Amino acid sequence: MTVEPKPTRSAKKRRRKPREEIVDYVVAIEGWDWGYSFSLNSERQPIDPYDEFRHLQVKGRLLRPAGQKTESAEISLLPSSDLEEERRRDLHPIALGSLHVTQDAILGNIGIPRDALTPILQMLIAGRFNFVLMRGSRFRHRSAKVSSLRLEMALTEDDVALGEESVA
């Protein structure tokens, strides 16, 4: 009885995970809403005796990428004390948040540092922010990861160039 040698590691084919395609998402802001709640924490063993929730929702029209089932977008910016500079050093995030496609709209949930909420609200109240720009993975199974977020008064030449490339 002969024994065949086992294939070495180098002889085996390795499959590499395909690189995720990066997409720029641009939303023209048409409105926004802010909610706030403060209550006693009713959890069994709360870490904090209070429960505080701040929720900023930016609504608009998806400009890029073109060809989605809906152009309506609702992006929720969720302030978190965990994202404060001193506390976030040990985090190993895979995304800032996510986008999901529904029948009626593209919904986004994105975490932001708590101290960023006040200046963002001031700019929205003044009507200065006109665009939400996000970068992330392409939609897959109606979901995408968001890796960067910008709120801007105007699109830059680079932003316009990116949009023209995706149209061509």
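Under 8 Å by Cβ, and 6 or more places apart or on different chains, what pairs join a residue from the range 85-108 that is acidic (Asp, Glu) with one that is open to solvent by less than 100 Å² (accessible area, probe 1.4 Å)?
85/113; 104/70; 104/72
Looking at the range 121-134, which of its residues are among the aromatic types (Phe, Trp, Tyr) and in a loop (DSSP other than H, G, I, E, B)?
Within the range 121-134, just 129 meets the criteria.
Just need a number here: residues in the range 60-113 that are open to solvent by less than 80 Å² (accessible area, probe 1.4 Å), among the charged types (D, E, K, R) and under 20 Å from residue 131 (Cβ atoms).
Count: 2.
Among what's in the range 15-56 and is among the basic types (Lys, Arg) and not in a strand (DSSP E or B), pick the residue that is nearest to residue 97 (Cα to Cα).
Across the range 15-56, the extreme among qualifying residues is 19.
Yes/no matrix, rows are residues, columns are (1) over 16 Å from the mean Cα position of the chain (by Cα); (2) more than 23 Å from residue 154 (Cα to Cα):
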residue	(1), (2)
60	no, no
69	yes, yes
82	yes, yes
92	no, yes
108	no, no
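Working carefully through the options 133, 151, 124, find the one that is over 22 Å from residue 70 (Cβ atoms), open to solvent by less than 40 Å² (accessible area, probe 1.4 Å) and out of contact with any Leu (no Cβ under 6 Å at 6 or more places or on another chain).
Just one listed residue meets the conditions, 124.
Any chance you could count how many residues in the range 27-58 are crowded, with 16+ Cβ neighbours inside 10 Å and within 16 Å of the chain's Cα centre (by Cα)?
5
The values are calculated or read from the model by the stated rules, or taken from the named source; none is laboratory data. It should be emphasised that the depicted structure is a prediction, and the values quoted were computed from it without experimental measurement. Cβ sites come from the backbone with ideal geometry, for glycine too, and all protein chains shown count toward neighbours. Heavy atoms of the whole protein, side chains included, go into the accessibility calculation; ligands, DNA and RNA do not. Shrake-Rupley method; radii C 1.70, N 1.55, O 1.52, S 1.80 Å.
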